[in-house]
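Working notes, structure below.
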Amino acid sequence: LGSWKNNPKHAINLADLIIVDTAVNDMKDQQGGASAALYYTELMLRQLIPLKRRPTLMWATVSWRPVVVRGTPSQTGSSTAPGYTTDATQFQLPVLKYYGVSQVSVLHAFLPQLSDPRMQEELWKHFFADQCCHPQVMGHQLVAGVIGHALQEEVQAMGASALAQPSPAAGPLVLPQPMVVSQEDAKAFASGSSHFFDLREASVVKQVVVANNNFHLEEDVAGKPGLIAREVGASVILGLCLRAPARRLGGRGRAHATPKPKPAPGTNAAILLIGLLRSYEHMGIAEVSILAPGALGHVARNKRSCTCKLDAPAGGASIPVSTSTATMRLDTMWEDKVSVYQAMKFEVSANDTAADCLWLQIKILEASPPRSENKVKLMTVTVSGA
């Protein structure tokens, strides 16, 4: 959100067609299962539908995870239950219908064959590149064919005369009442006010890191930087100023929006997303805490920006846990043989932003049983609605 919402030249803001694929992740990675799939689908829809160019939207199921019966030998080391899959296609459908957005499922093109275990094994061998859910070259070709066919059908249904007409100017758009997302969250994300901090850039790290214990800006893979630590006990405190005009720190182009008045104390002021790397090896457990503003520091301003300054010595990055107002833990290592960006979500109260700065602490915790490697890689922080 923060990387494109205030950047009019971003590809999303210039697109005529946006295809979204989240069916596997919505079902597997989000706590809450079906309810989470509905929530995040609607939240994305409410950001994409009002885009200035009014792009055509398509929700696509291009991959899925077969249900595995453990302990039964097969070519892949375990057998799959015929026809059973893990995906969020059916849970996304109600909210897509509510907003009139198309859904295209590559999975459903193969469902008649999936009841035959032999056919399922063949599809698994030729469509997927691994034992998770990621298509190989032939899989991508089949996906392109199904989506292309769906688009062709839509064009034929519209007719050549309709396509020849110039698109009408986009007028005011009024979205319906949210189906499952709370009014509070809907307003926070639709406010147009977002702060994006790209921790992959040295200038941003220099501005927002106020206390540091063994986190370093580096590349663990060539061309892929991040704020990285590898030792249990490593920690860092970030001071994020939220009272300057809404902006994105890092990357090309800086956009400003009119700052909003402070919300009443005790209400939810913003949605906070922490972007980290999640992978299948070398990784550790991250603990992210929102620190009570208290007397931690102050805001230093100039005409274009503001910076949060830590007043008292913090002893590295060590702050007593009693000063935390919210804490969340994420094991950044998983079994899937793929490395992905994953966001941790917090609801931030007005009390946490009352002093104009949002203070975050990230620590590496010891796993149980202990691991020889405990890497945590921070990439972005986005605050929406503050």
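Bear in mind these aren't lab numbers, they're just calculated from the coordinates by the rules spelled out. From a predicted model like this one, the values you see are computed outputs, not experimental measurements. Cβ sites come from the backbone with ideal geometry, for glycine too, and all protein chains shown count toward neighbours.
Working from label points 7 Å from Cα in the Cα-to-Cβ sense, the Gln90 to Asp130 distance is 2.8 nm. Measuring between alpha carbons in the structure, the pairs from Lys224/Lys375; Lys125/Lys337; Lys5/Lys224; Lys9/Lys187; Lys224/Lys309 lying more than 21 angstrom apart are Lys5/Lys224; Lys9/Lys187; Lys224/Lys309. When each of the peptides 210-218, 363-371 is scored by the mean number of other C-beta atoms lying within 10 Å of its residues, the order from highest to lowest reads 210-218, 363-371.
Near Leu173, within a Cβ-to-Cβ distance under 15 Å, what is the net charge of the other residues, with Lys and Arg +1 and Asp and Glu -1? Each step should come with its number before you reach the end.
On the way: positive: Arg46, Lys52, Arg53, Arg54; negative: none.
Around Leu173, the surrounding residues sum to +4.
The gain in end-to-end length when the Arg329 to Gln156 segment is fully stretched comes to 57.3 nm, 0.36 nm per residue minus the alpha carbon separation. Starting from the Cα of Tyr280, step 7 Å toward the Cβ, then list every residue of region 116-144 with an amide N under 20 Å from that point. Answer for this model: 121-140.
Provide the FRET efficiency to the nearest 0.05 for the Asn214-Ser182 pair, computing r from the beta carbons and using R0 = 41 Å. Working shown, then result.
On the way: r = 38 Å, r/R0 = 0.94.
For Asn214 and Ser182, the calculated efficiency is 0.60.
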